[in-house]
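Shown next, in structure tokens, is the structure this report addresses.
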Amino acid sequence: METWLLILVCVAIFIFAWYVHDKYVQRKHQILVNYPIIGRLRFVFQEFREPFRQYFGDEKFYESMDKLDWVYSASRDKINFASFSPSQPLQKPKLMLKHTNIVLNDDEVENDFIVTFGETRKKPFISNSIIGRGPMSDGSISPEGTRAFVYGAKEGNFPINSGEGGLTSNFFVTHNNYSTKYMKEVKGNSFQENTFKLFKFLFNKPVAIDFYRKMIFYKNPEADTYVFNKEKECFYRPDWNVPIENFPEDVPEDMPDIILQISSGLYGVRTKDGKFDMERYKKQMRFCRMTEIKIAQGAKQTGGKLIAKKVTPAIAHYRNIEPYKDAFSPNRFPYAKTNEELFDFIAKLQEASGKPVGIKIVISDNENIEPIAKEIKRRVDLGLSYPDYISIDGGSGGSATAPLDMMERIGMDIRDAIYLVDKVLKKYKIRDKVKISASGKVLTPDDVIITLCIGADFIQIARGFMMSAGCIRARYCSGAGKHQCPVGLATQDIKKRKHYFVKKHSDYIKNYHNNILKSMKSLLAVMGLKNVNELDKSKLIFLDKDSIIYDNVESVFERRVFNNGENTDLKDIS
């Protein structure tokens with residue numbers, strides 16, 4: 001029989017068997033009974049839907065595709081000009097920026113983007129940038145991804161929030177000038193060192209380092225808890241078991257400005273049985289600038305959730321938990337049964353570290369902030385400690401592990417929330433005591449300017465930094481399905497993450513931050529403002545869905561948030 005005919009017969013037999021299986025054997029998919037074989041195209045298209053939606057559909061979640069293009073272009077340091085007109089203009093209603101006829105040149109706008117937290121603390125945190133990377137846990141993010149963010153934050157001179165995973169070895173990747181009193185080093189033998197040098201000559205450095213790690217640690221499950229010192233050509237990690245006297249008094253100069261986040265799981269600052277470890281906290285704060293207690297995040301009004309496959313031995317080591325078991329934190333912070341208890345705990349942390357401590361919350365209505373403001377006012381009057389800042393997260397969407405039923409149902413939009421918190425703090429005459437940090441779908445310079453105008457002092461960006469780090473928004477971050485993050489950024493899958501370009505993406509991260517500040521200066525110049533601190537609500541205009549202009553934005557938010565006016569269609573402010 002001719003070869004081509006044999007192949008044709010085999011293909012026909014295979015298709016017939018496949019047809020019989022779908023129609024008469026399987027009982028898993030109803031559609032395949034009626035549409036054998038061809039019905040499987042449905043599942044193929046379903047698989048392609050998420051990773052390919054950005055290429056074939058209009059962008060809905062982030063207002064416009066133009067904003068996403070800005071992020072990607074800014075991270076690659078490309079000129080961010082558009083031709084002719086926006087491809088997807090922002091829909092009304094929307095907020096507009098007031099400009100002036102006699103504009104400034106960019107060099108007339110001050111480069112002062114400094115924000116000071118905890119002015120009354122022994123060691124206030126003076127952030128060199130008004131923008132920081134929002135909380136992303138080492139665990140939800142790959143080790144390589146965290147290292148890229150740390151390099152980018154150090155080189156870009158902006159703060160980075162640890163996320164609830166705590167202070168892991170990867171945050172020390174820029175800290176090479178350390179003492180072996182608190183840092184444990186591991187070196188290879190002569191043969192391993194020479195083999196590493198050979199591999200470094202034959203291949204690129206990341207491949208050589210990966211092979212060197214495998215030679216030294218072999219099957220040690222905690223191999224990933226060590227980072228590589230390029231100067232000494234050894235691996236190292238902090239030893240949290242040595243006495244606190246061995247740790248530096250001040251944050252080393254070769255480390256970025258880190259905000260240590262503590263969640264209800266107390267990861268990184270807990271004992272094996274889940275209790276808060278004050279001594280471990282003090283040690284970690286030798287490397288961090290301030291603390292953020294996570295009460296809530298976005299739509300996730302529950303404790304953080306890291307599925308078992310992401311709890312590698314390295315993550316278990318950092319969090320002091322068991323590997324390959326779901327790490328689901330309690331819904332409520334253990335020292336926050338009341339606001340009074342929470343603030344007493346904050347006072348202990350402020351005393352222990354001498355540094356600022358704040359809380360992260362989400363706002364649904366006035367009842368979320370009034371009790372907090374009252375307690376802060378009481379403590380101010382009595383000379384007691386209170387939170388140095390309040391971090392407000394927008395309620396829209398959520399992290400990769402937010403329950404779907406909570407997304408878009410819990411929490412205000414970030415701009416409404418900032419307005420409400422700012423107004424209530426002013427009502428109790430404590431606004432000058434507490435800084436406001438904002439996060440929630442803030443991507444571009446105009447987003448930052450508008451959020452600052454409404455009342456924020458500081459901006460923490462997560463999604464924008466994720467995209468600058470290579471995220472293509474495939475929505476496979478949680479690792480709960482059979483797919484993993486395709487770029488190796490939000491996965492613990494070794495096959496995916498080990499090929500992530502750490503240095504390349506760290507440059508993108510730095511560029512994204514720098515270009516936001518650069519473009520903010522251009523916007524300030526057009527608005528006729530020399531300093532970012534001149535921003536307030538009077539610099540905004542509101543355009544409703546019928547193109548009616550509202551010059552008094554304060555009254556717009558008043559009606560919108562408190563619903564005490566006749567106009568009830570002032571919604572979806574962009």
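The residues of the stretch 243-310 expose on average 33 square angstrom of accessible surface per residue, using a 1.4 Å probe on protein heavy atoms.
Between ARG40 and GLU279, the FRET efficiency estimated from the beta carbon spacing at R0 = 60 angstrom works out to 0.55.
Per-residue extension of 0.36 nm, minus the Cα-Cα distance of ASN531 and GLU47, leaves a gain of 169.4 nm for this segment. Between the beta carbons of VAL103 and ILE126, assuming R0 = 35 Å, the FRET efficiency works out to 0.70 to the nearest 0.05. Most simply put, the chain has about 45% antiparallel DSSP beta bridges, counting only bridges with both residues inside it. What the stretch 83-164 shows is 46 Å² of accessible area per residue, with the surface traced by a 1.4 Å probe over protein heavy atoms. Karplus-derived 3J(HN,Hα) values for the stretch 144-152, using 6.51 cos²θ - 1.76 cosθ + 1.60 with θ = phi - 60°, are 5, x, 4, 4, 4, 5, 5, 4, x Hz; glycine and proline are entered as x.
In order along the stretch 253-268, the Karplus-derived 3J(HN,Hα) couplings, from 6.51 cos²θ - 1.76 cosθ + 1.60 at θ = phi - 60°, round to 5, 8, 10, x, 7, 10, 9, 7, 9, 10, 10, 5, x, 6, 4, x Hz, and Gly and Pro are given as x. When shorter helices are ignored and each DSSP H run of at least 4 residues is given -39500 (n - 2.57), the per-residue value for the chain at 222 nm works out to -11000 deg cm²/dmol. Projected label points at CYS234 and LYS200, each 7 Å from Cα along the beta carbon direction, are separated by 1.5 nanometres. Applying the criteria of a DSSP loop state and at most 16 other Cβ atoms within 10 Å to the trypsin sites (Lys or Arg not before Pro) of the stretch 218-320 yields LYS219, LYS230, LYS232, LYS272, LYS275.
Taking 0.36 nm per residue of separation and subtracting the current Cα-Cα distance, fully stretching the chain between ASP551 and GLU351 would add 67.4 nm.
Listed values for the stretch 238-248 are Karplus-derived 3J(HN,Hα) couplings in whole Hz (6.51 cos²θ - 1.76 cosθ + 1.60, θ = phi - 60°), namely x, 9, 6, 8, 7, x, 5, 4, 7, 8, x, and x replaces Gly and Pro. Backbone amide hydrogens, once placed in the peptide plane, bring ILE363 within less than 5 Å of ASP393, MET412, excluding anything fewer than 5 places away on its chain. Model label points for ALA308 and LYS23, set 7 angstrom from Cα along the Cα-to-Cβ axis, are 4.1 nm apart.
Evaluated at q = 0.05, 0.07, 0.09, 0.10 Å⁻¹, the base-10 log of the normalised Debye intensity for the chain, with identical point scatterers placed on the Cα atoms, takes the values -0.24, -0.47, -0.74, -0.90. Residues whose amide H comes within less than 5 Å of that of ASN229, counting only those at least five positions distant or on another chain, are CYS234, PHE235, TYR236 (H built at 1.01 Å from N in the peptide plane). Sparse packing (at most 10 other Cβ atoms within 10 Å of the Cβ) combined with a DSSP loop state is found for the following chymotrypsin sites (Phe, Trp or Tyr not before Pro) in the stretch 175-281: TYR218.
What whole-number distance in Å separates the alpha-carbon centres of the stretch 166-220 and the stretch 335-354? Cα centroid to Cα centroid, the span is 39 Å. What net charge do the residues around PRO243 carry, taking every other residue with its C-beta under 10 Å from that of PRO243, with Lys and Arg at +1 and Asp and Glu at -1? Every neighbour counted, the sum reads 0.
Strictly over 22 Å apart at the Cα level, which of LYS309/LYS498; LYS67/LYS310; LYS214/LYS496; LYS184/LYS510; LYS272/LYS310 would you flag in this model? Going by Cα-Cα distance, LYS67/LYS310; LYS184/LYS510 fall outside the 22 Å limit. Comparing PHE16, GLY132, LEU167 along the charge dipole axis of the chain, the residue lying farthest to the positive side is PHE16, per the Cβ-charge model.
In this structure the stretch 403-529 gives 37 Å² per residue of accessible area when probed at 1.4 Å with all protein chains present. Lys/Arg Cβ at +1, Asp/Glu Cβ at -1, dipole of the stretch 182-224 taken about the Cα centre: which of ILE209, ASN194, MET183 is farthest positive-ward? It is ASN194.
In the chain, carbon and sulfur make up what percent of the accessible area (probe 1.4 Å)? Ligands and nucleic acids excluded, carbon and sulfur reach 54 percent. Each Lys and Arg adds +1 at its Cβ and each Asp and Glu adds -1 at its Cβ; summed about the Cα centre, the chain shows a dipole of about 1740 debye.
List the aspartates and glutamates whose Cα lies under 17 Å from the Cα of LYS232, skipping any in the same chain that are fewer than 8 positions away. Answer for LYS232, where 17 Å is the Cα cut-off: GLU185, GLU193, ASP210, ASP254, listed by chain and number. Stretched out straight at 0.36 nm per residue, the stretch from MET96 to ALA12 would grow longer than its current Cα-Cα span by 23.9 nm.
The values are calculated or read from the model by the stated rules, or taken from the named source; none is laboratory data. Worth saying up front: this structure is predicted, and the values here are computed from it rather than measured. As a convention, Cβ positions derive from the backbone with ideal geometry for all residues, glycine included, and neighbour counts pool all protein chains shown. The accessibility values were calculated without ligands, DNA or RNA, using every heavy atom of the protein model including side chains. Shrake-Rupley method; radii C 1.70, N 1.55, O 1.52, S 1.80 Å.
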